[in-house]
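Heads up: the structure comes next, in structure tokens.
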Amino acid sequence: MKQTVCAIICAAGKGARAGFEKNKLLVGDKALRTTLSAFDFPAIDEIIVTASEADFEEISSLVTTLPRAKVVLGGESRSHSVYNALKSATADIVLIHDGARPYVTRTVIEGCIESVKRNGSGICAVECRDTVATVKNGKVINVPNRDTLRQIQTPQGFFRENITCAYERAFEEESPSYTDDSSVFARYCGAPYLCEGSRENIKLTYAEDFRDNTARCGFGVDTHAFGKAQDYILLAGVKIPSESGLIAHSDGDVLVHAVMDALLSAAGLKDIGHYFPDTDEKWKGASSMSMLEQVLSMIGEQGYAVKNLSVAIQAEKPRLAKYIDDMKNALSGVLKVDPTAIGISAGTNEGLGYVGEGKGITVNAYVLLRTL
């Protein structure tokens, strides 16, 4: 008979050590969303997320895409929150996991489940790489043998009845505030078994832990043909003399269009044709730099900002070398990054293809986004 599995995701904390104005799991790209997606596979029959009263509505909205998930009100401590979730669980096995560990893998989760089935418990852990010391008043008192030490992670798995009974006893005898569930199990049920964790399964605790942990890269490419009756082209908003202009519905800034597509791609959004269709008169002759500002606002709403940008222009004509610094400075102002975070190269196509024949310009753009 199949043993059912419930994942309890602890998300009721404030994350005060991260220094954010709101729950750290709901900042930027929402680490909680990533954590939940890690448990969204067939082996998990039920997902219970603990939430504070302040975050209950937002977290409830976040889990609507997961049909097996529900949200329960947390408590004044992690122990209270887990206990509330346990009282709501119905599965045979429970895996208790920190919402702030979004990089947990399916392999680690499945190993935890198998350990519970085989041994009655499964505590994810990894070996200590650094020497650990016991200290007092700024002095080292003792240095334990590193070979006997492990760094404890989550998920931590148990048979539901056992861990629920342990928590019930804990609340009968004291007002518990344990930092993890293996400690509760060890006190009331016996020594738990370890299972394989992962170095990547880090816990996001401080503000620096969130920097670039969910960085996104994106690639964009655009091509425009010459043929417009004007004596210049626009690249990054910079006016460059040319025998003819580039044909386009907007102002034809092929560089900016490639950058816009790279930004949208990195943020997981649709391409510029979706947001700025050439069938809409609103965008006829529109400033591409203004459109770029709108795209930046869109990725900002997703919790991202630009970290760096690399652009490669393929153009047989006009010659662009003396305009590159102007282009970098123009993009720097809009993207809100230092010019040194922007690289622009310009080359010909050695006379080959439509670029080499001087019929058009192609631009490739690569962008890296950082979390806000």
*Do we find a residue being crowded, with 17+ Cβ neighbours inside 10 Å and either in contact with a Phe, Trp or Tyr (Cβ under 8 Å, 6 or more places away or on another chain) or free of Cβ contacts under 8 Å to residues at least 12 places away in the same chain (or both) anywhere in the range 42-63?*
yes
*Using the structure shown, decide if Glu173 is under 27 Å from the mean Cα position of the chain (by Cα), assigned by TED's automatic domain parsing to the domain that holds Asn84 and either small (Gly, Ala, Ser) or surrounded by fewer than 17 Cβ atoms within 10 Å (Cβ to Cβ) (or both).*
no
_Please verify whether Ala225 is buried (at least 21 other Cβ atoms within 10 Å of the Cβ) and within 30 Å of Ala315 (Cα to Cα), treating the condition exactly as stated._
no
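Just checking, how many residues over the range 228-248 are outside any strand (DSSP E or B) and either of a type in the set (D, E, K, R) or surrounded by 15 or more Cβ atoms within 10 Å (Cβ to Cβ) (or both)? Let's see the steps before the verdict.
Let us first name the residues in the range 228-248 that are outside any strand (DSSP E or B), namely 229-231, 236-237, 242-244, 247-248.
Still in the list and also either of a type in the set (D, E, K, R) or surrounded by 15 or more Cβ atoms within 10 Å (Cβ to Cβ) (or both): 231, 236-237, 242-244, 248.
Summing the residues that are outside any strand (DSSP E or B) and either of a type in the set (D, E, K, R) or surrounded by 15 or more Cβ atoms within 10 Å (Cβ to Cβ) (or both) in the range 228-248 gives 7.
Restricting the search to the range 138-170, which residues are among the hydrophobic types (A, V, I, L, M, F, W, C) and within 32 Å of the chain's Cα centre (by Cα)?
Of the residues in the range 138-170, the ones among the hydrophobic types (A, V, I, L, M, F, W, C) are 140-141, 143, 149, 152, 158-159, 163, 165-166, 170.
Passing the criteria: Leu149, Ile152, Phe158, Phe159, Ile163.
When you look at Tyr167, is it surrounded by 15 or more Cβ atoms within 10 Å (Cβ to Cβ), among the hydroxyl-bearing types (Ser, Thr, Tyr) and either within 26 Å of Thr4 (Cβ to Cβ) or in contact (Cβ under 8 Å) with a residue 40 or more places away in the chain (or both), yes or no?
yes
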*Select from the range 267-283 the residues that are β-branched (Val, Ile, Thr) and either outside any loop (DSSP other than H, G, I, E, B) or touching a Lys or Arg at 6+ places or on another chain (Cβ under 6 Å) (or both) and list them in ascending order.*
Ile272
_Can you confirm whether Ile233 is in the same structural domain as Gln151 (by TED's automatic domain parsing) and touching a residue at least 24 places away in the same chain (Cβ under 8 Å)?_
no
*Quick one: in the range 82-131, of everything that is modelled with pLDDT under 95 and either more than 30 Å from Ala215 (Cα to Cα) or over 27 Å from the mean Cα position of the chain (by Cα) (or both), which residue is surrounded by the fewest Cβ atoms within 10 Å (Cβ to Cβ)?*
Asp130
*Take the residues of the range 132-164 that are hydrophobic (A, V, I, L, M, F, W, C) and over 18 Å from Ala191 (Cβ atoms): which is surrounded by the most Cβ atoms within 10 Å (Cβ to Cβ)?*
Val132
*Name the residues in the range 310-329 that are among the hydrophobic types (A, V, I, L, M, F, W, C) and buried (at least 20 other Cβ atoms within 10 Å of the Cβ), would you?*
Val311, Ile313, Ala315, Leu320, Met327
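Of Arg216, Arg199, which residue is surrounded by 20 or more Cβ atoms within 10 Å (Cβ to Cβ), charged (D, E, K, R) and at pLDDT below 95? Break it down stepwise before answering.
On the way: Arg199 fails: surrounded by 20 or more Cβ atoms within 10 Å (Cβ to Cβ).
Criteria check complete, one pass: Arg216.
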*Specify the residue that is nearest to Ile299 (Cα to Cα); the eligible residues are those in the range 249-289 that are surrounded by fewer than 22 Cβ atoms within 10 Å (Cβ to Cβ) and in contact with a His (Cβ under 7 Å, 6 or more places away or on another chain).*
Trp283
*asked:* Under 9 Å between Cβ atoms, which residue pairs at least 6 apart in sequence (or on different chains) link something in the range 349-363 that is in contact (Cβ under 8 Å) with a residue 60 or more places away in the chain with a partner that is of a type in the set (S, T, N, Q) and in a loop (DSSP other than H, G, I, E, B)?
replied: Thr362/Asn349
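Given the structure, is Met260 within 23 Å of the chain's Cα centre (by Cα) and part of a helix (DSSP H, G or I)? Lay out the reasoning, then the answer.
Details: within 23 Å of the chain's Cα centre (by Cα): yes; part of a helix (DSSP H, G or I): yes.
Considered against the rule, which asks whether it is within 23 Å of the chain's Cα centre (by Cα) and part of a helix (DSSP H, G or I), Met260 comes out as yes.
Out of the residues in the range 284-320 that are acidic (Asp, Glu) and in a helix (DSSP H, G or I), state the one that is nearest to Asn349 (Cα to Cα).
So in the range 284-320, the residues acidic (Asp, Glu) come out as 293, 301, 316.
Okay, now just the ones that are also in a helix (DSSP H, G or I), so 293, 301.
On the way: Glu293: 31, Glu301: 38 Å.
Of everything passing the filter in the range 284-320, Glu293 is nearest to Asn349 (Cα to Cα).
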_Positions within the range 128-163 being touching a strand residue (DSSP E or B) at 6+ places or on another chain (Cβ under 7 Å) and of a type in the set (S, T, N, Q), in sequence order_ = Thr134, Asn142, Gln151, Gln153, Thr154, Gln156
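The values are calculated or read from the model by the stated rules, or taken from the named source; none is laboratory data. Just so we're clear, the structure is a prediction, and the values are computed from it rather than from any experiment. Methodologically, a virtual Cβ is constructed for each residue, glycine included, from the backbone with ideal geometry; neighbour enumeration extends over all protein chains shown.
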